[in-house]
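Enquirer: Here it is, the structure, as structure tokens.
The values are calculated or read from the model by the stated rules, or taken from the named source; none is laboratory data. The shown structure was predicted, so the numbers you read here are calculated from the model rather than taken from an experiment. Note: ideal-geometry Cβ built from the backbone for every residue, glycine included; neighbour counts use all protein chains shown. Each accessible area value is taken on the protein alone, full model and side chains, heavy atoms only, with ligands, DNA and RNA left out. Shrake-Rupley method; radii C 1.70, N 1.55, O 1.52, S 1.80 Å.
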There are 4 protein chains.
Amino acid sequence: MIIVMVPGAKEADIKRVLARLEQRGYGHHVSAGVERTIIGAIGANEREKQQVAEQLMGLPGVERVVPILKPYKLVSRDHHPEGTVVTIGTARFGAGKVGVIAGPCTIESEKQLREAALAVKNAGAVVLRGGAFKPRSSPYDFQGLREEGVELLGAIGQEVELPTITEVMEPRQIEVVLQHVDALQIGARNMSNFDLLREAGATGRTIMLKRGYAATVEEWLKAAEYVATSGNLNILLCERGIRSFDSITRFTLDLGGMAAAKLETHLPIIVDPSHATGTHKLVSPMALAAVAGGADGLMIEVHPHPDQARCDGPQSLTPKRFASLMDQVRSLVQVMGETM
Amino acid sequence: MIIVMVPGAKEADIKRVLARLEQRGYGHHVSAGVERTIIGAIGANEREKQQVAEQLMGLPGVERVVPILKPYKLVSRDHHPEGTVVTIGTARFGAGKVGVIAGPCTIESEKQLREAALAVKNAGAVVLRGGAFKPRSSPYDFQGLREEGVELLGAIGQEVELPTITEVMEPRQIEVVLQHVDALQIGARNMSNFDLLREAGATGRTIMLKRGYAATVEEWLKAAEYVATSGNLNILLCERGIRSFDSITRFTLDLGGMAAAKLETHLPIIVDPSHATGTHKLVSPMALAAVAGGADGLMIEVHPHPDQARCDGPQSLTPKRFASLMDQVRSLVQVMGETM
Amino acid sequence: MIIVMVPGAKEADIKRVLARLEQRGYGHHVSAGVERTIIGAIGANEREKQQVAEQLMGLPGVERVVPILKPYKLVSRDHHPEGTVVTIGTARFGAGKVGVIAGPCTIESEKQLREAALAVKNAGAVVLRGGAFKPRSSPYDFQGLREEGVELLGAIGQEVELPTITEVMEPRQIEVVLQHVDALQIGARNMSNFDLLREAGATGRTIMLKRGYAATVEEWLKAAEYVATSGNLNILLCERGIRSFDSITRFTLDLGGMAAAKLETHLPIIVDPSHATGTHKLVSPMALAAVAGGADGLMIEVHPHPDQARCDGPQSLTPKRFASLMDQVRSLVQVMGETM
Amino acid sequence: MIIVMVPGAKEADIKRVLARLEQRGYGHHVSAGVERTIIGAIGANEREKQQVAEQLMGLPGVERVVPILKPYKLVSRDHHPEGTVVTIGTARFGAGKVGVIAGPCTIESEKQLREAALAVKNAGAVVLRGGAFKPRSSPYDFQGLREEGVELLGAIGQEVELPTITEVMEPRQIEVVLQHVDALQIGARNMSNFDLLREAGATGRTIMLKRGYAATVEEWLKAAEYVATSGNLNILLCERGIRSFDSITRFTLDLGGMAAAKLETHLPIIVDPSHATGTHKLVSPMALAAVAGGADGLMIEVHPHPDQARCDGPQSLTPKRFASLMDQVRSLVQVMGETM
């Protein structure tokens, strides 16, 4: 890290910083500029880096501390330059493979889920999704079928021969979900639920980690590092829109952030245009934009009858619209030199 | 709610909307303007409102659906015009009572906690805080003393005769915490962890609910409504800064949002300038601004030796600075016609 | 518009609102719900709508005023459902025509501009751009060649047979620019410089109106309406990134906002991935994403020697990279069923 | 500045950076860490710093360039540690002097302005404000009385013996405004209108520079530096709210940013709670919060009859409310150890 002293910092202040660095096992070199003295510090174990930086900022005469190393390691391209392929059952994402996950926002009934599952399977989706535990921001909204939904998802997935994924909202749900479902989704609201990240990671199953809607790309990758430190690198990242000042779309889909993240990490990244835009009219253009921008896959909400959905109907595609989108995605993937 | 049709909506589209409203038990009246037809809908139970609105948005010819009722009830001033007083042990917040919660960001040792506790007690704080379970955004950072920290907090609180509060990050921590500590804090990262809200609420203890750093005031009050629906209105709201495009402060302290929230809810609201600003230099000005702006209390981080803190040292006040701030707060509270 | 009264509003408050509406020439109808009374108001000329709404909000008992009509008209798809084609010289944008504007961020010398112009012409760009008056956020940065740059742009444009565009920063620059250059760019910082919008519009030339980086789509379209009210509908909109909390990219490219804007307006919209991302590594992926997402064109910065550029070098493509991007864009446009 | 090389940067890449630094007249020293090589660069004139940094970022093997010096100088506390007092006529702001500027958002008529002026004078305001040229975001809104308004403002200011201020939106307005009015306001939308900043600065009159609602504090101070480089340090900064994701208030008043800016600059900073909050209910709490947080003054909109205002009525205080606020401000200023 680099420690920038205030203009005219006292000799004693500089010495105090150097002493602290030595005490913590850091090497250092001082360079005295015309206006400011700058101290470079080298060394230290990963575990204490942030702590030492904060403590240095508390010392007199220190203007700021600039970190040099990135706050993530296992998920970084610096340590693993090639793209990683992540699988959910037979489905593959990354390194030129583009996969589409689809299904209803919320599992409402066996009939609804079966209709949706058949439709997405026929159109070419490779994983079936469906919400069982729903994080609804109002206590008066429908909260999902919970355990019953998980069982339905597993059963219908087997029936239509698609691997499955669903969201877990807290560690106690992991066990029941994994009895029936192939992969775990960590939702945007839980991206910083660190106990959940660790416990989900420890199962060894593929984890789809959505970006928090107020998380920087760096924070997202740090959350992925939490999962990775449990020894599990089967991590599929998912961009789903961030919060901005404009509410014309439900969230602001950050495809530039997705592309920037791909420069930083070897993990595959998919995009969820349904939650990002909040309206079916924008799902197809943003799905195509995502693939053209380099996404390794998509997650799309499909409902047999959107106008009767118990949750997020306005953003769900009908089976017909989804099939048409998949045709366009296939053409696009080919032009991009990738495969589905 | 009000349904706005697109310009030139067909008669059949309008009839379809009316039929759907009737089917769901809503009364309606149609008003045909020059450009658009507008439909007012009255009735319906709270539980289905959001669902019906979403379904209507999916019907052809509907431009948008404007909700009229607020999405929270129990916490609303509409239903309870007077301000509520919320207590933690002997401490009181709201309706003219300004309380200060203080202590270290993280409990590091018995010695550190005792020093901090004595300092804040002597300076006039009415509740002792200290973090035991820490949500750290990097897996390589110090994660807190966990259960051991909770026990220390309870013991030192009794020793210095201050009620205590600490953060719980998931439902399984609630039980052990409540054996030792008086009140539960739900952190900004968990504001939308709805299982946690419900289970914490169900204990009947006072819940301090921090605003998520990407949460609107409306979403914050909806989260409070989650706690309230468990039958527990001992809710202390805490504004701690939101995310904006400027990182000159760690977060952007939203005192306007705090004041706007006070117009909406009868619950008391305190302000945490330590996490919002991230630097001790701005804690005192923002603490005073908060009180002058109508906050019902403050939460301030105090560490006996900030430059040796294991977490958030740069934003911690020394005992001396805290005592000086408390003198200023007392003068200000008096001018405001309130008491501490 | 719809006026929502507070719960339990007094009869006198409701009557005051109705009287005010009548006085301003609005028809109205009252609907009294269980909790709130709602008043629908119809009529009024465009010029006073906002004023009346604000005045109503100031009356006792009024909770909020919900506008129904959109705040723009001439640029709205409601009034002109088909997409408009906008031209700059021989170049066409919109309704299935995708055009690419390219050239250096800043005109530095005749040699640099000629090299860039030949390169972009050969690769298939249809308009030459180059900055003459530069809005630099630091007074110590290079401010552009100003008048001399404008003349160079006109001359080199003729030489390579490309129509030209450059930014004007204030009304006094319009005259000199239009002696040499075909179209006027209004930059993001000036999107709300309403005198400039009016005077630029009054020239009748094509205006490229960039979205302000803190402007909602609605505000952007209102700015376009300013230009349109001068009688000029030759308006090319340009999305160039908005400000968000994450600075991993220079701005957050809002392709969802672009697509949402296309639902609202008949004007063509192009995308500038150079300013949005700030780094050449992300320009190509975001250019492709924009076209796949429905953009009617692109604006790309190209510099013969980016590492010697006097401004924005890091985001400029080399001629070689630009030619390679144009090949990809052509394939993509074909798949999309559009033409260049 | 500090140049951070990518991990495993080639020797040739490092040499190329050093050569470029030498060519531009920078001294340098290289420090090779375990993972990365870091190069410190010292020297260079202010004018080329940004350009050199950008060019270095374009060289192969460079990960990022970290600036060390601040991008402003004349307005920085580093170069002028004491607070500056800025005057408008007899009014003083800064270094312990708290001044209040008040008046109507928009000048509508002689009668309205005189009523407002008498009211604010009697309540203790020290400068009279009133808008003549109005930047309205819709072309259908009232645009102000323009020249006629400026004359009225000058005349009524003399009548009630208050110095005056009004906004200029482009350079051509400066001359007529300064014939009648004492000080110039640069509005939030024009904070980056650099020609306007320079020409306004060159008049030598006091410039009130509002923070752009999407401007970082650093960008705001860079804009002030533009004014300062014209040789004019009579600059009064004004925080008026920034754009955030929550629209419960019109803008998000950034008092933390104001306090952070005061650490950086010696210029006085006032706060405009009227535009920030958009509703008179929040003006008083935020005015008090601003003063308690260290603001050097306030700007408050006052209208004799807010419910008949042609612009921004909902956020205007009545004369009675304003007088009551001024009483509270006076008590608060006294407690803070300052004077009015």
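Enquirer: Defining the label point at 7 Å along Cα→Cβ, can you sort the distances from D:Glu11 to the same site in each other copy, shortest first, in nm?
Expert: Label point to label point, same position, other copies: 4.0, 8.7, 9.6 nm.
Enquirer: Continuing with the same structure: With 32 Å as the limit, write out which pairs from C:Lys134/D:Lys121; A:Lys262/B:Lys49; A:Lys49/B:Lys320; B:Lys210/B:Lys320 have Cα-Cα distances beyond it, or answer none. Don't skip to the end; give the middle numbers.
Expert: Values: C:Lys134/D:Lys121 43 Å; A:Lys262/B:Lys49 40 Å; A:Lys49/B:Lys320 28 Å; B:Lys210/B:Lys320 27 Å.
In this structure, C:Lys134/D:Lys121; A:Lys262/B:Lys49 lie more than 32 Å apart at Cα.
Enquirer: If you don't mind, another one. On alpha carbon coordinates alone, what is the Rg over Rh value for the protein assembly as shown, Rh being the Kirkwood radius?
Expert: 0.94
Enquirer: Below 14 angstrom from the Cβ of B:Ser331, what's the summed charge of the other residues (Lys, Arg +1; Asp, Glu -1)?
Expert: Neighbourhood net charge equals -2.
Enquirer: Suppose you put the label 7 Å out from Cα in the Cβ direction; list, shortest first and in nm with one decimal, how far A:Glu82 is from each other copy's label.
Expert: Distances between equivalent label points, in nm: 5.5, 6.8, 7.2.
Enquirer: Between C:Ala12 and C:Thr339, what's the calculated FRET efficiency when r is the beta-carbon distance and R0 is 41 Å? Round to 0.05.
Expert: Numbers: r = 64 Å, r/R0 = 1.57.
The pair C:Ala12/C:Thr339 has a calculated efficiency of 0.05.
Enquirer: Enter the angle in degrees (range 0 to 90, nearest 10) between the Cα long axis of helix D:319-335 and the first principal axis of the Cα atoms of chain D, meaning the one along which they spread out most.
Expert: 50 degrees
Enquirer: Tell me which of D:Asn190, D:Tyr226, D:Gln315 sits at the most positive position along the dipole axis of region D:165-323, charges placed on C-beta atoms (Lys, Arg +1; Asp, Glu -1).
Expert: After comparing all options, I get D:Gln315.
Enquirer: Separate question: Can you check what the net charge comes to around A:Ala290, using other residues whose Cβ is under 10 Å from the Cβ of A:Ala290 (Lys, Arg +1; Asp, Glu -1)?
Expert: -3
Enquirer: For the pair C:Lys320 and B:Asp327, how long in nm is the line joining their label points, each one 7 Å along Cα→Cβ?
Expert: Going from the C:Lys320 label point to the B:Asp327 one covers 6.9 nm.
Enquirer: Here is a follow-up. Looking at chain B as a GNM with Cα springs under 10 Å, which of B:Ala290, B:Ala32, B:Ala223 has the largest mean-square fluctuation?
Expert: Largest GNM mean-square fluctuation: B:Ala32.
Enquirer: Additional query: Compute the accessible area per residue over the protein assembly as shown, keeping the other protein chains in place, probe 1.4 Å, unit Å².
Expert: Value for the protein assembly as shown: 33 Å² per residue.
Enquirer: Related question: Going by the rotation axis that takes chain A to chain B, pick out the residue of A with the closest C-beta and quote the gap in whole Å.
Expert: A:Ala214, 1
Enquirer: Under a 5 Å amide H to amide H cut-off, with H placed in plane at 1.01 Å, what residues pair with B:Met299 once short-range neighbours are removed?
Expert: Residues meeting the criterion, in which the H sits 1.01 Å from N, are B:Ile101, B:Val271, B:Asp272.
Enquirer: Oh, and also: Against the empirical 2.2 N^0.38 Å scaling, what ratio does the C-alpha Rg of chain A come to?
Expert: Taking the Cα Rg and dividing by 2.2 N^0.38 Å, one obtains 1.15.
Enquirer: Calculate for the protein assembly as shown the 222 nm mean residue ellipticity that helices alone would give, adding -39,500 (n - 2.57) per DSSP H run of length 4 or more and normalising by residue count, nearest 500 deg cm²/dmol.
Expert: Rounded to the nearest 500, it is -11000 deg cm²/dmol.
Enquirer: Could you let me know the centre-to-centre spacing of region D:38-77 and region A:26-65, using Cα atoms, in angstrom?
Expert: Cα centres, region D:38-77 to region A:26-65: 20 Å.
Enquirer: Now for a separate question. Could you work out the percent of alpha carbon pairs in region B:2-66 separated by over 20 Å, rounded to a whole number?
Expert: Roughly 16 percent, rounded to a whole number.
Enquirer: Okay, next question. Starting from the Cα of C:Glu147, step 7 Å along the direction of its Cβ; do the same at B:His305; then give the gap between the two resulting points in nm.
Expert: Taking the two extended label points, one gets 6.9 nm.
Enquirer: Here's something else I'd like to know. Lys and Arg at +1, Asp and Glu at -1: add these up for the other residues within a Cβ distance under 10 Å of A:His266 and post the number. Walk me through the numbers before you get to the answer.
Expert: Numbers: positive: A:Arg77, A:Lys262; negative: A:Asp78, A:Glu82, A:Glu264.
The answer is -1.
Enquirer: Using a label position 7 Å from Cα in the Cα→Cβ direction, what is the ascending list of nm distances from A:Gly231 to the same site in the other copies?
Expert: Inter-copy label distances (nm, one decimal, shortest first): 4.4, 7.4, 7.8.
Enquirer: Taking loop as defined by DSSP and a crowding limit of 10 other beta carbons within 10 Å, which trypsin sites (Lys or Arg not before Pro) in region D:47-84 fit?
Expert: For trypsin sites (Lys or Arg not before Pro) across region D:47-84 that sit outside H, G, I, E and B with at most 10 neighbouring Cβ atoms in 10 Å, the list is empty.
Enquirer: Antiparallel as a % of all DSSP beta bridges within chain C, to the nearest 5?
Expert: Percentage antiparallel, nearest 5: 45.
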